[in-house]
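Some notes on the structure that comes next.
Computed from the coordinates by the stated procedures, all read-outs in this text should not be read as laboratory data. Note that the structure is a prediction, hence the values are computed from the model and not measured. A quick note on method: Cβ atoms are made from the backbone with ideal geometry, for glycine too, and the neighbour counts reach across all protein chains shown.
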Amino acid sequence: MRNSADICIIGGGISGVAIGYFLLKNGAKNVVILERDYLAAGATGRCGAGIRQQWGLELNCVMSKYSCEFFENAEEELKYNGDIEFHQDGYLLLISNDVEHEQMRKNVILQNKLGIKSELLTCDEAKQHIPYLNTENLVGAAFHNKDGHLNPFHTTQAFADAFKRLGGEIITGITVTGITTSGGRVTGVETDKGNILTETVVNAAGGWSQQVAEMAGVSLPLYSERHNILVTEPVEPTLGPMVMSFSLNLYCQQSPHGSFIMGRTDDNQPRDLRQTPYSGFPELMAKTVVDLMPPLANLRMLRQWAGMYNMSPDKAAIYSKAPEVEGFYTAAGYSGHGFMMAPATGLSMTEMILGLTPTLPWQKMDVTRFEKGDLLLEPSVV
Ligand SMILES: Cc1cc2nc3c(=O)[nH]c(=O)nc-3n(C[C@H](O)[C@H](O)[C@H](O)COP(=O)(O)OP(=O)(O)OC[C@H]3O[C@@H](n4cnc5c(N)ncnc54)[C@H](O)[C@@H]3O)c2cc1C
C-alpha cells in the first residue's frame, strides 16, 4: 500500500468521490480515497436519491441548481459508460395548510428569480400530475419539472471511474483509525492497513464524520439519526413526479423499473450510528402514504432498510476547514439532501482546499457560522 499522499479523502460515498473528481479536474495530484467498506456503503447507497431545486433558502437553490445542471450532463462530463438514470419527472411538493402555502408562495418567487421555473398549483392542477392523489386535506402544491431522481450506485460509480481515470486511487476495505497531527497541523492518517503520510485530510465520512473529526482533535457540532425507507414490488408506471409533503414528513417516488420507494421522518428514531431498520416503520409509512395515494394500498412491500442522516444544528451542511487543525477539512451534516448536492460539494471543497475563487457561496457554510449566529435555516425540509 502507498505510504504517502498529497490529499487523503476519508469516505467513499457520493461526497468523497465527487470531491476527489473535482480536485483532480482542477489540478490536484496524488489524491487517495479511503473507504472502510465498499463504495456507497453508507447513506449514499441507502438514500432516495431525489434531486430538487425547490428550496426556501437562496443558498440551497443556488447549490442545487448547479448540481442539477451538472447531473443533466454528468454522463458526458464524467465519460461514464453506464446509465446514471437521471429521470426529470419533477417534484410535486404538497401543501397542507395556509402557513405552508404562504411559505411555498415565497419559495416560488425566490426560485423564479434565480432561474428555477417552479410554479404553484391548485389541488385540481396537482391531480393532473397524479389523478389518484387524495387532495381532501391539501390546499395546493408546488411543482418543478426539472427535479427528479437518480440511481445512487451508478452515480457514485460514474464519479469514481472519472476520478480513477484522472489518476486518483480508491482503496476500499480500509478503515481509518487515527489522524496524526504535529504543531497544530495534519501529518498523516493511520489505518488498519498501515499509515499514510499526508498534510491534507478531507473528512467525507457521512454519519461517522464527527468520529473521524475527533481522531484529529477537531470538534464538530454534528450528530446522526436513523431514517427508514422501503421499496415495493415493481408495477406499471403510474407516478411521474416525486411526491413530498413537509407536514407529513414524507417522500415517495416510482423508480424507472416500477418499484415505489418511500420514506418518512420519524422523530422517535435513535440519534446514534445504528443502521438496523425499525420494525414499526412499514406500518407507519403505509398509513401515511395510503391516505394520500389510496391505490398504493394494493402494493406489496419487498424490503425495508435504514441509513443515517448526518445533522448539524441548523440542519444545513458544513463545508469547512477546521479552525483548530491546519489541513483538516470537512464536508458533512447534509441532513436528507447530501446526495443531490454532491456536485456542489465537490466543487466547493475543491475551491476551498486549492484556494480557488468561489463559484458558489460555500463560505457561508463554514463551521464558524454557529458561533457567529449566521445560521442557514431552510424552511422546506423533511
Ligand atoms: C433513508 C435516506 C434517504 C435519503 N434520501 C435522500 C434524497 O432523496 N436525496 C438526497 O439528496 N439525499 C438523501 N439522503 C441523504 C444522503 O443519502 C446523504 O446526505 C449523502 O448520501 C451523504 O453522502 P456522503 O458521501 O457524505 O456520506 P456516506 O454515503 O455515508 O459515505 C460515508 C462513507 O465513509 C465511510 N467511512 C466512515 N468512517 C470511515 C473510516 N473511519 N474509515 C474509512 N471509511 C469510513 C463509510 O463506510 C461510508 O461509505 C437520504 C439519506 C437517507 C438515510
Requested in this report: Working from Cα positions, state the angle (0 to 90°, nearest 10) between the long axis of helix 98-113 and the longest principal axis of the chain.
Outcome: 60
Report task. Please give every one of the lysines within straight-line cross-link reach of Lys65, meaning a C-alpha to C-alpha distance under 22 Å, and leave out same-chain neighbours fewer than 8 residues apart. Result -> Lys25, Lys79, Lys106, Lys113, Lys117, Lys146, Lys315, Lys364
Query raised in the report: With point charges of +1 on the Cβ of Lys and Arg and -1 on the Cβ of Asp and Glu, referenced to the Cα centre of the chain, which listed residue (Met262, Leu92, Leu166) lies farthest in the positive direction of the dipole?
Result: Leu166
Requested in this report: Assign unit charges at the C-beta atoms only (+1 for Lys and Arg, -1 for Asp and Glu), then state the dipole size of the stretch 178-289 relative to its Cα centre in Debye, rounded to the nearest 20.
Outcome: 100
**Report entry** Cβ-placed point charges (K, R +1; D, E -1), dipole of the chain about Cα centre in debye, nearest 20
**Finding:** 440
Query raised in the report: Of Ile116, Ala142, Asn81, which is farthest along the charge dipole of the stretch 56-173 in the positive direction, counting Lys and Arg as +1 and Asp and Glu as -1 at C-beta?
Result: Ile116
**Report entry** Shape metrics for the stretch 40-88, restricted to C-alpha atoms - Rg then Dmax, Å
**Finding:** 12.4, 36
Query raised in the report: Residue by residue, what Karplus-based ³J(HN,Hα) values in Hz, rounded to whole numbers, does the stretch 60-65 have, using 6.51, -1.76 and 1.60 with θ = phi - 60° and x for Gly and Pro?
Result: 5, 4, 5, 5, 6, 5
Query raised in the report: Taking the C-alpha atoms of the stretch 322-382, how large are the radius of gyration and the largest Cα-Cα span, Dmax, in Å?
Result: 12.4, 35
Query raised in the report: Quick one: if you stick a label point 7 Å off each Cα along the C-beta vector at Glu324 and Asn26, how many nm between them?
Result: 2.7
**Report entry** Distance between the stretch 1-75 and the stretch 303-382 - C-alpha centres, whole angstrom
**Finding:** 12
Query raised in the report: What's the angle, to the nearest 10 degrees (0 to 90), between helix 281-292's Cα axis and the longest principal axis of the chain?
Result: 40
Query - Farthest toward positive dipole pole in the stretch 144-248 [+1 Lys/Arg, -1 Asp/Glu at C-beta], among His154, Val212, Ile179 - result: Ile179
Query raised in the report: Assuming a viscosity of 1.306 mPa s and a temperature of 10 °C, what translational diffusion coefficient in µm² per second does Stokes-Einstein assign to the stretch 104-152, Rh being the Kirkwood radius over Cα pairs?
Result: 132
Report summary line: quick shape note, the stretch 183-284: Cα extents on principal axes in Å, largest first -> 59, 30, 23
Report task. Whole number please: convex hull volume per residue, Cα atoms of the stretch 1-141, in Å³. Result -> 161
Report task. Report, in deg cm²/dmol and to the nearest 500, the calculated mean residue ellipticity at 222 nm for the chain, where each DSSP H run with n ≥ 4 adds -39500 (n - 2.57) and the sum is divided by the residue count. Result -> -8000 deg cm²/dmol
Requested in this report: Identify which of Gly48, Gly82, Gly13 has the largest mean-square fluctuation in a Gaussian network model of the chain, with springs joining Cα atoms closer than 10 Å.
Outcome: Gly82
Report task. Take each of the peptides 18-27, 159-168, average the number of other beta-carbon atoms within 10 Å over its residues, and list them starting from the highest. Result -> 18-27, 159-168
Query - Per-residue HN-Hα couplings for the stretch 253-266 [Karplus 6.51, -1.76, 1.60; θ = phi - 60°; Hz; x = Gly/Pro] - result: 9, 10, 7, x, 8, x, 6, 8, 10, 8, x, 8, 6, 9
Query raised in the report: Using Cα pairs under 8 angstrom and six or more residues apart, how large is the relative contact order of the chain, in percent?
Result: 23
Query raised in the report: Which FRET efficiency value, to the nearest 0.05, is calculated for Arg165 and Thr359 with the Förster distance at 25 angstrom and r the Cβ-Cβ distance?
Result: 0.65
Report task. Let me know the whole percent of all Cα-Cα pairs from the chain that are separated by more than 40 Å. Result -> 13
Requested in this report: Please pull out the direction-averaged projected area of the stretch 1-73, using the convex hull of its alpha-carbon atoms, in nm² to one decimal place.
Outcome: 6.3
**Report entry** Acute angle (nearest 10 degrees) that the helix 14-25 long axis makes with the longest principal axis of the chain, alpha-carbon atoms
**Finding:** 60
Report task. Can you pull the one-decimal nm distance between simple spin-label points at Glu72 and Arg300, each 7 Å off the Cα toward Cβ? Result -> 4.1
